[in-house]
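Colleague: My questions all concern the structure below.
Just so you know, all these numbers are worked out from the coordinates, no wet-lab data involved. Keep in mind that what you see is a predicted model, and the values were worked out from it rather than measured. So basically every Cβ, Gly included, is an ideal-geometry build from the backbone, and we count neighbours across all protein chains shown.
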Amino acid sequence: MTGSKIRLGIVSCGYITGAHLRGLKILRDSGYGQFELTALCSRKAENAERWIERGKGPAPLPQVSDWPDDPLNVRDVWVRDFQPNTPRVYTDHRDMLRDRAVDAIVVLSAVSAHYPIASDALDYGVHVFMEKPFTITARAAMRLIEKAAARGLSLGVAENLRYQEGTRANGWVIQSGMLGKLQMVVMGGIGSVWSPDHIVARTAWRHLMNEAGGGGTMDVGAHLFDKLRYECGEIEEVSALARTIEPDRYTRDANGQVAAHVACDADDTFFALLQFANGAIGNVVFSWAGHGEHTQFDAGGAIYGQKGCLKGGRVFIAGNDPKDVLSLFRDQADRSVTNRFFPHQIKDSFALELGEFLSAIEAGRQPETSGTEGLKDIAPGLAILESSLLHRPVRVADVEACRIETYQQAINERWNIT
């Protein structure tokens, strides 16, 4: 597609839309102009129309949380801020595809819709980039990967955490051998802004097995395991317990009255022991539940090797003063490395992941966070759920290859994923 603009569509225009629009605006402002947003698709037209032009259309969505850096809270970017043309609004992605309105789509829907939307798009020869978690089951991921490969199309997952400078810096420190051979990893915590019983991100489907695949294991686990895989290598085996600690969750209004309720059947808590392919062992703990004070490990957890450890954004090597990871990375990493990670000095992770997807389309290749990476990111979370159900350790490769899918069987049947 070199020499022509990529016609891009966004499917499902909910809370995370603003972060993706901001990413596209940053790309355009940096000089990358090889795309145009030609379509917005949402089951309710008003959900698409509110993102088109500043001061026009339906009112912005309410803030999701008080967390200032929450990408779900981005509300200050509209399509007309970075392009003069107005995208066409659709209420059915199939109409958009039949109209040949797009060359590529960004799917921001509930996880249960990822597979059918992406499968339809690939059938029409359209490249696909989907929010994490990549798919609802490993089998769904495998089928999409196979279809994209057969049609020579780019398929990717929006794992924005991979593109953050802190993740790149951690990976650089570890892969440079600064810590020596990896030995132990600990990550996670109990309690969050959604504890003890709030509906996470005001999105009820996140708590339903047949809509999300899993709860924290999938929604947060996709981020955690992408980060762990990138920094520490592949996870080989998982032994875990997963539970739904709070079976009922609520959204309350300013007066404390219940505005929404969901009866949950997806996990909100997991405790997992990990065996890495390189011999390291790990412990990942996560919970959206927990009454009282939260308990968290240092940001990013702690990673230990034969020579020292990395925790709280600092490197601790025996006999040396602790060093700031970002400072080391900025001062010592080869410029070719940092220029590749941050083209045009862009640091916004949504802009970087979208830019990588668009570049992959132009080059006729898969993006860094490809469909295969998306499968590998959800496989450890699914292994947690399989291990908890089967009461035994589970090899992640068996989940990736669909040799173990006891937990996933009912989901595959529900969505006719064969």
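Colleague: If you find the alpha carbon centre of the stretch 364-418 and of the stretch 184-241, how far apart are they in angstrom?
Modeller: Centre-to-centre distance over Cα atoms comes out at 14 Å.
Colleague: Let me ask you something else. Are there GluC sites (Glu not before Pro) in the stretch 42-93 that DSSP marks as loop and that have at most 15 other Cβ atoms within 10 Å, and which are they?
Modeller: Answer in residue order: Glu53.
Colleague: Quick one: Cα centre-to-centre distance for the stretch 87-147 and the stretch 293-328, in angstrom?
Modeller: Cα centroid of the stretch 87-147 versus Cα centroid of the stretch 293-328: 39 Å apart.
Colleague: Can you compute 3J(HN,Hα) from phi for each residue in the stretch 323-328, using the Karplus curve 6.51 cos²θ - 1.76 cosθ + 1.60 with θ = phi - 60°, rounded to whole Hz and x for Gly and Pro?
Modeller: Ordered by residue, 3J(HN,Hα) equals 10, 6, 4, 5, 5, 4 Hz.
Colleague: Return, for the Cα atoms of the stretch 163-334, the radius of gyration and Dmax in Å, separated by a comma.
Modeller: 18.2, 56
Colleague: Please turn the phi angles of the stretch 10-25 into ³J(HN,Hα) values with the Karplus equation 6.51 cos²θ - 1.76 cosθ + 1.60 (θ = phi - 60°), one per residue in order, whole Hz, x for glycine and proline.
Modeller: Working through the residues one at a time gives 10, 10, 6, 10, x, 4, 7, 4, x, 5, 6, 5, 4, x, 5, 5 Hz.
Colleague: Can you tell me what percent of all Cα-Cα pairs in the chain are more than 31 Å apart?
Modeller: Tail fraction, whole percent: 39.
Colleague: What order, most packed first, do the peptides 93-104, 407-418 have when packing is the mean number of other Cβ atoms within 10 Å of each residue? List each step's numbers first, then the result.
Modeller: On the way: 93-104: 18.7, 407-418: 15.8.
Going from most to least packed, we get 93-104, 407-418.
Colleague: Could I ask something else about it? Putting +1 on Lys and Arg Cβ atoms and -1 on Asp and Glu Cβ atoms, find which of Ala266, Val238, Trp67 reaches farthest to the positive end of the dipole of the chain.
Modeller: Most positive-ward Cα: Trp67.
Colleague: Lysines within cross-link reach of Lys323: Cα-Cα under 27 Å, excluding same-chain residues under 8 positions apart?
Modeller: Within reach: Lys181, Lys227, Lys307, Lys311, Lys347.
Colleague: Hey, another quick one. So, counting K/R as plus one and D/E as minus one, what does the shell of residues with Cβ under 14 Å around Gly55 add up to?
Modeller: +1
Colleague: Something else now. Which of the peptides 138-145, 190-197, 355-362 is most tightly packed, and how do the rest follow, judged by the mean count of other Cβ atoms within 10 Å per residue?
Modeller: Per-residue Cβ counts within 10 Å, averaged per peptide and sorted highest first, yield 138-145, 355-362, 190-197.
Colleague: Tabulate in residue order the Karplus-calculated ³J(HN,Hα) for the stretch 261-272, using 6.51 cos²θ - 1.76 cosθ + 1.60 with θ = phi - 60°, rounded to whole Hz; enter x for Gly and Pro.
Modeller: Running phi through 6.51 cos²θ - 1.76 cosθ + 1.60 with θ = phi - 60° gives 9, 9, 8, 8, 10, 9, 5, 10, 8, 8, 10, 9 Hz.
Colleague: Less than 17 Å apart at the alpha-carbon level, and either on another chain or at least 8 residues along: which aspartates and glutamates does that give for Lys56?
Modeller: Cα-Cα hits under 17 Å: Glu46, Asp76, Asp81.
Colleague: For Lys44, list the aspartates and glutamates whose Cα falls under 15 Å from its own Cα; do not include residues on the same chain fewer than 8 positions away.
Modeller: Qualifying aspartates and glutamates at Cα under 15 Å: Asp92, Asp95.
Colleague: Also, I was wondering about something else. Can you list the trypsin sites (Lys or Arg not before Pro) in the stretch 156-224 that are in a DSSP coil and have 14 or fewer other beta carbons within 10 angstrom?
Modeller: Those satisfying the criteria are Lys181.
Colleague: With n ≥ 4 as the cut-off for DSSP H runs, can you work out [θ] at 222 nm for the chain, using -39500 (n - 2.57) per run divided by the number of residues, rounded to the nearest 500?
Modeller: So the calculated ellipticity at 222 nm is -10000 deg cm²/dmol.
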